[in-house]
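The values are calculated or read from the model by the stated rules, or taken from the named source; none is laboratory data. All values reported here derive from a predicted model rather than from experimental measurement. Backbone-built Cβ (ideal geometry, glycine too); neighbour counts: all protein chains shown.
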Amino acid sequence: MLDLKIRPIEIIFQAQPIEGLTKFFKVKNMRDYTKIAAQEQFAGLSKSVNSISKSFEADLKNNKVRIKIDAPCLVLPFKQSNLLEIQNSECWVFTMGDALFQTTSDPKISDVRYHEAFKLKVQRVKFEYASKYKLWKEKQAVT
């Protein structure tokens, strides 16, 4: 049985550090580097999925999978000079959604064996405006 839970992460986008890195490394066009990095990540992920698939093929009747990923958030603050300014800044927050992937024994699917039926559920996807990042963060801690 594979039971994996990934806690939420929060990504705060800051343009200045990214611009500083591109100037330091004298990068004129990040697009090519981004494509290469994405392709490398995809290749690594594909290898991982293939190895997991092979382990499932070995003993299909005993495999149960449950993977829960809590919604990561991307925060886009309007003011980005320093951490205090970010805390008090207006911002956009994109919550990418909780995802649940698991094996299921749905009686509605009569021609599929238990180990071949999966359920995917995504919820809490939202894009919102916050007048102060700090207040939005406090509200999230309460709920």
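Residue pairs whose Cβ atoms lie under 7 Å apart, separated by 6 or more positions or on different chains, with the first residue in segment 56-84 and of a type in the set (F, W, Y) and the second modelled with pLDDT under 85, are F56/N63.
Scanning segment 75-94 for residues that are of a type in the set (A, V, I, L, M, F, W, C), more than 9 Å from A130 (Cα to Cα) and either out of contact with any helix residue (DSSP H, G or I) (no Cβ under 7 Å at 6 or more places or on another chain) or outside any strand (DSSP E or B) (or both) yields L76, F78, L83, L84, I86, F94. The residues of segment 85-114 that are among the β-branched types (V, I, T), over 21 Å from L4 (Cβ atoms) and at pLDDT 85 or above, listed by number, are I86, V93. Look at S55 and say whether it is among the polar types (S, T, N, Q), modelled with pLDDT of 75 or more and over 25 Å from V122 (Cβ atoms). In short, no. In the set (1) at pLDDT 85 or above; (2) loosely packed, with under 11 Cβ neighbours inside 10 Å; (3) of a type in the set (A, V, I, L, M), L120 fails one condition alone, (1). If only residues of segment 9-29 that are among the charged types (D, E, K, R) and modelled with pLDDT under 70 are counted, the one that is farthest from F101 (Cα to Cα) is K26. The condition (being modelled with pLDDT of 70 or more and either surrounded by 10 or more Cβ atoms within 10 Å (Cβ to Cβ) or not hydroxyl-bearing (S, T, Y) (or both)) is satisfied by just one residue among D70, D32: D70. Does W136 meet the test of being of a type in the set (F, W, Y), at pLDDT 85 or above, more than 30 Å from L2 (Cβ to Cβ) and in a helix (DSSP H, G or I)? When the stated conditions are applied, W136 passes them.
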